[in-house]
Amino acid sequence: MSTVLPMPANEMERLKALSDLDIDYSSLNDNLKSLSKLAAKIAGTDISMVNLIDSLTQWTIANHGLDIDQMNREDSVCQYTIVEKEGFEVPDLLADERFKEKFYVTGYPKVRYYYGVPLRADNGIHLGALCVLDTQTRNLTPEKVEMLKIIADEIVNRLKALSVIDNLRSQISEVTENQRRVAHDIRGPLGGIIGLARIISEQGNENTMDEVLEFINLIQKSGYSILELADEILTVDKINLQKDNILGSDEFNQVALKEKLLKLYVPQAINKKVKFEVITNSNTQAIPFLKNKLLQIAGNLISNAIKFTPAGGHVTVNLGIDIEATGHILQIKVEDSGVGISPEKIALILKGEGETTNGTSGEQGFGFGLALVKHLVDNLKGTMQITSEPGKGTAFMISLPQAANKR
């Protein structure tokens with residue numbers, strides 16, 4: 001008899017709150033590892049982890065005592081913590097029917113004890129959990145539990161602060177770059193105008209009318225060039241920045257996004273024995289585009305594709321950019337050789353609705369991941385298309401317009 005997995009009553013709102021942070025799950029360890037270590041020291045346990053939980057995956061964004069980056073949500077203990085108000089304890093995992101056969105109990109590191117505290121956002125939504133684990137049973141005092149809750153609150157505060165800092169950094173970077181470009185580009189035309197005016201002044205009555213008109217014509221041209229530079233500043237200098245391959249803190253290009261997706265999702269593919277690759281378009285792969293929600297959008301599609309693709313199959317991500325006069329269109333296509341989706345389910349997904357389904361290896365899913373993707377794509381004024389043939393695979397095509405004033 002299969003275990004019914006826990007599900008927060010506000011799961012869709014929870015996933016939206018997690019996506020609002022727009023977190024890169026692979027970049028937070030340095031900022032949070034000290035808090036994770038402190039939690040272990042307070043609890044007196046061998047291991048502690050800071051976990052965020054999306055629709056299919058538990059992401060370990062900081063840890064102490066156990067080197068792990070991710071696991072299937074259905075295998076985690078923290079999935080039970082996020083449905084609790086205060087905390088969740090398992091005195092002996094080996095004696096608990098829900099966990100006694102999990103790989104971290106039967107194999108390395110042979111965990112026996114677990115205590116988890118929800119990572120609670122301001123609106124009461126649980127983003128994940130701070131947990132402490134040990135290879136022997138423990139008994140945490142109420143004082144230690146309260147201290148773990150304080151650490152969990154600090155973790156959430158730090159996540160929010162990092163999100164704000166990233167946003168401010170991107171704004172400061174853009175302002176600084178614009179200032180540099182203004183100072184450099186306007187100096188030339190202004191110098192020309194000043195020089196021509198000096199010649200007219202120094203020569204005085206010696207200037208013929210034709211010479212004066214020629215000088216005025218040159219001054220007028222320099223003035224127009226300043227106006228043109230002002231327009232360029234408002235729209236950003238695309239050519240120079242592409243040539244220099246400079247990425248702002250709020251930007252990816254196809255190469256950078258490919259690198260990030262491989263780092264995050266190759267472990268899932270290897271675990272499932274599925275071939276996973278990301279392909280870029282060589283003609284447009286250096287063009288920058290906004291990071292905004294891309295890891296959440298692409299990640300949910302990739303995790304879902306891996307889930308529904310049997311061992312020996314493949315999942316391929318194709319990245320590209322359509323260049324248009326009004327702005328670039330980022331294209332993300334995720335294809336798999338999995339079980340496919342029926343027309344009825346495709347219709348539900350495109351309505352932003354989802355339902356529980358099981359993967360090819362029995363993984364449980366809750367249907368919220370694809371609904372979240374639809375929500376995010378709609379908010380970014382993009383489109384999502386789905387083509388599928390039952391038994392042969394599915395392709396998701398995401399098109400996201402990039403603002404015309406982005407380079």
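All of the numbers you see were taken from the coordinates with simple rules; none came from a lab. Every value quoted in this text rests on a predicted model; they were computed, and no experiment measured them. Every residue, glycine among them, receives a Cβ derived from its backbone with ideal geometry; neighbour counts consider all protein chains shown.
Test of understanding: what is the full-extension gain from residue 30 to residue 403, defined as 0.36 nm times their sequence separation minus their Cα-Cα distance? Before the final figure, lay out the partial values.
Details: separation 373, 0.36 × 373 = 134.28 nm, distance 3.25 nm.
Gain on stretching residue 30 to residue 403: 131.0 nm.
Between residue 392 and residue 100, what is the FRET efficiency for a Förster distance of 41 Å, r being their Cβ-Cβ separation, to the nearest 0.05?
Details: r = 38 Å, r/R0 = 0.94.
The calculated FRET efficiency here is 0.60.
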Query raised in the report: From the cross-link list 85/351; 102/160; 33/144; 345/392; 85/293, which pairs have alpha carbons spaced over 23 Å apart?
Result: 85/351; 102/160; 85/293
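Decide, for segment 1-156, between rounded, prolate and oblate: order the square roots of the alpha carbon gyration tensor eigenvalues as a ≥ b ≥ c, take rounded if a/c falls under 1.5, and otherwise choose prolate if a/b is larger than b/c, else oblate. If you can, show how the numbers build up before the last one.
Working: a/c = 1.41, a/b = 1.14, b/c = 1.24.
Verdict is rounded for segment 1-156.
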Query raised in the report: Going by how many other Cβ atoms sit within 10 Å of their own, how do 398, 279 line up, fewest first?
Result: 279, 398
Requested in this report: Decide, for segment 259-358, between rounded, prolate and oblate: order the square roots of the alpha carbon gyration tensor eigenvalues as a ≥ b ≥ c, take rounded if a/c falls under 1.5, and otherwise choose prolate if a/b is larger than b/c, else oblate.
Outcome: oblate
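Fewest to most neighbouring Cβ within 10 Å: what's the order for 314, 126? Present the calculation step by step, with values, prior to reporting the outcome.
Working: 314 16, 126 23.
Result, fewest neighbours first: 314, 126.
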Requested in this report: Could you check the simple spin-label distance between residue 145 and residue 255, using points 7 Å along Cα→Cβ, in nm with one decimal?
Outcome: 5.3 nm
Query raised in the report: For residue 296, what charge total do you get from the other residues with a beta carbon under 9 Å from its beta carbon, if Lys and Arg give +1 and Asp and Glu give -1?
Result: -1
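Assuming 0.36 nm per residue, please report the length gained on full extension of the stretch residue 163 to residue 89 beyond their Cα-Cα distance. Write out the running numbers ahead of the final one.
On the way: separation 74, 0.36 × 74 = 26.64 nm, distance 3.03 nm.
Fully extending the segment from residue 163 to residue 89 adds 23.6 nm.
With 10 angstrom as the radius, rank 55, 282 by how many other C-beta atoms surround their C-beta, starting from the fewest. List each step's numbers first, then the result.
On the way: 55 26, 282 8.
In increasing order of surrounding Cβ atoms, one gets 282, 55.
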Requested in this report: Could you tally the net charge around residue 138, taking each other residue with its Cβ under 13 Å from the Cβ of residue 138, Lys/Arg +1 and Asp/Glu -1?
Outcome: -2
**Report entry** Förster radius 30 Å - calculated FRET efficiency between residue 263 and residue 283 (Cβ-Cβ, nearest 0.05)
**Finding:** 0.75
